[in-house]
Structure formats: structure tokens, C-alpha cells
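Okay, structure first, notes after.
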Amino acid sequence: MIFSVVICTHNRSDSLLRTLQSLEQQTLPHADFEVLVVDNASTDSTKEVVAQNMPKNGSYLYEEKLGLSHARNLGWKSAQGTYVAYLDDDAEASPQWLAGLLTVFNSTSKSNIVVGGRVTLSFSSKKPDWLDDSLLFSLGHLHCGTGISTLNNTTFYLHGCNIAFNKATLAEIGGFASHLGRQDNILLSGEEVYLQKLLMQSGGLLLYSDDASVTHHINVTRLKRRWFLKRMYWEGVTGKRIETALSNTQSFSEEVSLLRHEIVCRSFFLDYNFKKLCSVALRLGRLKESWRNR
């Protein structure tokens, strides 16, 4: 078995069917991969949707402990494949997705690598005018050019909706940190970013392929200002939590100064826009997490 595709899901039975159907269209022979759906304490019709639409090479797993990291860890621990590829339950894999990932894995002899690819956003309604392109990363958007490239010396990280690891690497590093990752309506994230940072510290590579592409479908609930402000606040909490775990972060007083700079020096009240408001929300999240760790 080459790949184990892990789909972690929580109360998204309406979009899960599309995700499963996209795996039926893979150009990689179906005998070369399995599909593992990890139901993370769903209360909707997820189990029934999976039972009716699971590919022949698929299995259903149930993780009762709520939290994306817990579900992702159950996925890789149950995997039979050499590589574990994660696909979100609101994402749609392109037909060449797994073949594109495999090309990258076969392009190097290194085992401690992380592989991912292009993530294109598909909006369920018109993209709001206030949604600046610089904020699209929070929805999973990732375009890093054509072909295969290394992201180690860039500002980019591979997104969790389209990311793959050598299973042995996940086992060696201990999997995903449970103090990070989504927990129902708590928009904590970053468990895959933390893994990438740990791997780079040990000489690992982050490899991107434009061929290994997925489409991330964005529900209308995520196209509201309130959701984005909440998302950016938790982005700040996440970033601070990762930095603290890596022993590389600013002190509480430094965080206060950075927030003050965001509000005063950047003329927040004189030249208000939603992008600046998101930056303040992120700084508040960092400040809150810094206070918690004092």
C-alpha cells in the first residue's frame, strides 16, 4: 500500500460526499491507496453518509475525543500505507492529486519531508469586497508557482487540507500536538505548521507540487466579518503557542508594545480598514496567550 488518505470530519456530512467522490476519480490505481474516514464525534448523519458512499478501499474510524489533532493521530496510527495524505472534509482532490504527491516523494531519497500542493478556493457565494487577498491564507489558499519547489526558505507553509507525510516520520516525531488544532468551534489551528517547523529544525524539507492540487470549498458562514475576526484572534493564539513550544517568542511586554504599535503607529483610527482590524485581532490573541503563560 502506497498511500493512506485520511479524512478527518466533524458534522460535515453535507460536504463529505463530494470529498469521497473526488477520491474515486484518482489517476493513481485504487489498489495503491486506502481511504480512512475519521469521524470526530459527529452528531449529524456522517456515519450514514460514509456507509453509503465509502469507496471499496475505505474504512470508517470513530474518534470520540473531540479535537482535530486527536482525529489526525488516529488516522496515521491506523494507516497501512507508506505515506499518509490528509484531505479536509470540505476539500475536493484533483484527479492527479495522489499521483502528484507520489512524484514528489519519489524525487528525493530523504524520508523526513512534508509534501503538499496547490489549494484553490471555491466560494459558495460572491467573495466579499472587504476580504483582502492577504487574508485568504486563513481559508487555506496556497499558490507557490509551477512544478516542484522547496518552501524551507520562504514564508509559506503547507496547509492541512492538502498535506502528506511519511508514516515513519509521523511515528518518529510523535504525530500531531494535542494542544493545537481545531476543537469544535474553537478556531485554534497550527498543528501541521508546528510539525513542519519541528521537521525543518531537524533538517527536513517542505516540498510543494503544483500538480498535487485540491479545491477548498468555503462555506458562506466563513465569509462574515465576525468569523474572520475570531479566526484571526485564534491565529494569534496559535502562533504564540507554537513559538512558546519552540522556545522562540516575545515576552509579554514586547507583545504589549507590538499591539500598541499596531494601533498607534499604523494610524489605526485615522485610516481604518478591515485588514488592519484583523491585524489587531491577531495581536490580541498573541497578547492573551502571552498573559496565560506568564
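Couple of notes before you dig in:
- Residues being more than 12 Å from Arg72 (Cβ to Cβ) and either crowded, with 20+ Cβ neighbours inside 10 Å or without any contact (Cβ under 8 Å) to a residue 12 or more places away in the chain (or both) - total across the stretch 146-160: 6
- Matching residues in the stretch 49-67 - criterion: being polar (S, T, N, Q) and in contact (Cβ under 8 Å) with a residue 24 or more places away in the chain: Asn53, Asn57, Ser59
- Residue that is farthest from Tyr86 (Cα to Cα) [pool: residues in the stretch 124-145 that are hydrophobic (A, V, I, L, M, F, W, C) and buried (at least 16 other Cβ atoms within 10 Å of the Cβ)]: Leu131
- The numbered conditions (1) touching a residue at least 24 places away in the same chain (Cβ under 8 Å); (2) out of contact with any Cys (no Cβ under 8 Å at 6 or more places or on another chain) are all true for Asn40 except (2).
- For first residues located in the stretch 11-25 and assigned to a helix (DSSP H, G or I), partners that are of a type in the set (Asp, Glu) and lie 6+ apart or on another chain with Cβ distances below 7 Å form the pairs Ser13/Asp44; Ser15/Asp89; Ser15/Asp90; Leu16/Asp89; Arg18/Glu92; Thr19/Asp89; Thr19/Glu92; Ser22/Glu92.
- Qualifying residue in the stretch 44-64 (condition: at pLDDT 95 or above and closer than 22 Å to His179 by Cβ): yes
- Matching entry among Glu64, Glu48, Glu92, Glu34 (being assigned to a loop (DSSP other than H, G, I, E, B) and either more than 21 Å from Phe165 (Cα to Cα) or of a type in the set (D, E, K, R) (or both)): Glu64
The values are calculated or read from the model by the stated rules, or taken from the named source; none is laboratory data. Just so it is clear, the structure is predicted and the values come from calculations on it, not from any experiment. Note: ideal-geometry Cβ built from the backbone for every residue, glycine included; neighbour counts use all protein chains shown.
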